[in-house]
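The values are calculated or read from the model by the stated rules, or taken from the named source; none is laboratory data. What you see is a predicted model, and the numbers here were worked out from it, not measured in a lab. Please note: Cβ atoms are built from the backbone with ideal geometry, for glycine as well, and neighbour counts cover all protein chains shown.
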Amino acid sequence: MSVKTSTPLVSVENIYKAKVRLKGIAEHTPLMSNYNLSEHYQCDIHLKREDLQVVRSYKIRGAYNKMATVPREQLEKGIVCASAGNHAQGVAFACQKMKVKGRVFMPGVTPQQKVKKVKLFGRSYVEVILVGDTFDDAYHEAMQEAESEGKVFIHPFNDERIIEGQGTVGLEILEDCNQPIDYVFVPIGGGGLSSGLGSYFHHISPQTKVIGVEPKGAPAMYESVKKGELVKLEKIDSFVDGAAVKKVGTKTFPIIQKVVHDIVLVDEGKVCSTILSLYNEEGIIVEPAGALTIAALDEYKEQIKGKNVVCVVSGSNNDITRTEEIKERALLYEGLKHYFVIRFPQRAGALRDFLNNVLGPNDDITHFEYTKKHNRESGPALVGIQLQNHEDYDGLIERMEKNKIDFQTLNDSKMLYDLVV
């Protein structure tokens with residue numbers, strides 16, 4: 001098939017060419033109907049399982065497609081990239097398959113699990129360079145090496161060949177779905193996947209509404225589209241690391257302006273609740289970015305009733321050491337975990353009175369931090385209380401006030417949140 005497009009969209013023809021290049025490299029991942037989600041939202045929901053990809057994310061598609069279009073004499077000089085995770089693994093796997101030497105720059109704080117995966121996929125062809133504390137530090141060093149040594153830089157999203165490679169996700173969805181698609185939800189980080197998939201749907205299935213999803217703590221594309229120009233965020237919450245960037249691509253932004261119908265922002269706590277739900281109810285392990293599209297469905301629950309819906313599950317490179325943080329964020333978001341500073345009288349039996357008179361039958365103290373430092377009549381304690389139902393919170397507060405407990409709620413304190421989560 002050959003369909004010509006006007007800039008800035010990538011062409012259907014080039015996405016098909018990317019598909020041919022990726023044959024035998026990237027998996028044609030399954031489009032799976034999900035019974036529980038379909039029942040809950042009263043529609044037909046399919047999951048595009050990029051978490052089952054060879055490197056457990058879609059990133060191999062763009063990385064390999066880019067490298068396969070670079071002249072061999074340039075590749076012989078070696079390539080460089082900067083990444084905190086999935087893109088690095090995709091590039092490493094491409095280097096190994098193409099027998100190309102690569103240097104992957106990653107922030108010094110990158111978990112060892114991710115560093116080991118990059119080395120595993122790259123084998124002897126890839127060297128990992130840990131530098132700085134942020135992605136921006138790693139990116140700066142990688143670009144310096146690319147420019148000084150004449151090496152090709154493999155960008156995580158701001159490159160036509162990358163966008164075309166990611167566009168093969170959309171191609172496979174339309175190949176595999178046996179009925180018209182009303183909505184497709186796709187995560188947005190720098191915009192490579194959403195602009196590639198969106199371009200393909202724009203030409204082949206223009207009636208489909210493409211809904212982009214970003215984490216609330218890193219709304220770079222949302223703010224850029226809202227203002228009609230590229231916006232660089234000063235600070236971001238990097239928890240959803242696969243979709244948290246301060247600035248989106250100059251090439252992806254104008255495409256998304258044209259092909260994405262709406263952008264939904266999802267709270268990081270909601271993402272955590274979705275991760276746990278997918279694991280407990282579906283046996284699906286996803287990373288935070290991989291849960292974004294399913295977490296966004298509540299925002300569209302009325303619009304999608306009776307419709308045919310696809311959610312792209314973008315990856316599953318989750319670090320098991322983050323499990324406790326994910327649980328904590330989920331409980332806080334769901335209103336089941338509350339932190340207080342409580343000033344207890346410094347007398348025997350004060351805590352027992354609190355347990356007997358204030359704590360409800362289903363309430364549980366999960367955190368208690370208190371040190372007697374002086375002989376004053378009262379002293380503060382940091383107390384975490386977990387509820388069985390979020391509706392129990394009002395009763396807890398009423399009992400505190402009735403028993404004249406001196407307390408202060410802390411759930412909205414960002415400093416405390418960083419301390420305990």
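Details
- Qualifying residue in region 303-310 (condition: under 30 Å from SER33 (Cβ atoms), touching a helix residue (DSSP H, G or I) at 6+ places or on another chain (Cβ under 6 Å), of a type outside the set (Val, Ile, Thr) and in contact (Cβ under 8 Å) with a residue 60 or more places away in the chain): no
- Residue in region 83-92 that is over 23 Å from THR250 (Cβ atoms), buried (at least 24 other Cβ atoms within 10 Å of the Cβ) and without any contact (Cβ under 8 Å) to a residue 40 or more places away in the chain present: yes
- From GLU398, GLU391, residue being among the acidic types (Asp, Glu) and surrounded by fewer than 11 Cβ atoms within 10 Å (Cβ to Cβ): GLU391
- If the condition is being closer than 11 Å to VAL309 by Cα, part of a loop (DSSP other than H, G, I, E, B) and either modelled with pLDDT under 95 or in contact with a helix residue (DSSP H, G or I) (Cβ under 8 Å, 6 or more places away or on another chain) (or both), then region 21-46 contributes only ASN34.
- Verdict on ALA63 being under 30 Å from LEU47 (Cα atoms), modelled with pLDDT of 95 or more and in a helix (DSSP H, G or I): yes
- Matching residues in region 83-104 - criterion: being of a type in the set (Gly, Ala, Ser) and at pLDDT below 95: SER83, ALA84, GLY85
- Just one residue in the set ILE15, ILE25 is touching a residue at least 12 places away in the same chain (Cβ under 8 Å), buried (at least 22 other Cβ atoms within 10 Å of the Cβ) and within 30 Å of ARG123 (Cβ to Cβ); that residue is ILE15.
- Per the listing VAL109, VAL126, the residue uniquely surrounded by 20 or more Cβ atoms within 10 Å (Cβ to Cβ) and hydrophobic (A, V, I, L, M, F, W, C) is VAL126.
- Residue check for LEU351: hydrophobic (A, V, I, L, M, F, W, C), assigned to a helix (DSSP H, G or I), more than 31 Å from the chain's Cα centre (by Cα) and surrounded by 16 or more Cβ atoms within 10 Å (Cβ to Cβ): yes
- When restricted to residues that are modelled with pLDDT of 90 or more and not in a loop (DSSP other than H, G, I, E, B), region 354-380 contains 9.
- Verdict on ILE163 being in contact (Cβ under 8 Å) with a residue 24 or more places away in the chain and surrounded by 24 or more Cβ atoms within 10 Å (Cβ to Cβ): yes
- Restricted to region 174-198, and to residues there that are of a type in the set (A, V, I, L, M) and either crowded, with 24+ Cβ neighbours inside 10 Å or part of a loop (DSSP other than H, G, I, E, B) (or both), the residue that is farthest from the chain's Cα centre (by Cα) is ILE181.
- Every residue from region 199-240 that is under 15 Å from the mean Cα position of the chain (by Cα) and buried (at least 24 other Cβ atoms within 10 Å of the Cβ): GLY212, VAL213, GLU214, PRO215, ALA218, ALA220, MET221, VAL240
- Residue list for region 155-190, restricted to those being in contact with a His (Cβ under 8 Å, 6 or more places away or on another chain) and more than 22 Å from ILE263 (Cα to Cα): GLU172, CYS177
- When region 41-65 is filtered for residues that are over 24 Å from LEU297 (Cα atoms) and not hydroxyl-bearing (Ser, Thr, Tyr), the ones remaining, listed by number, are VAL54, VAL55, ILE60, ARG61, GLY62, ALA63, ASN65.
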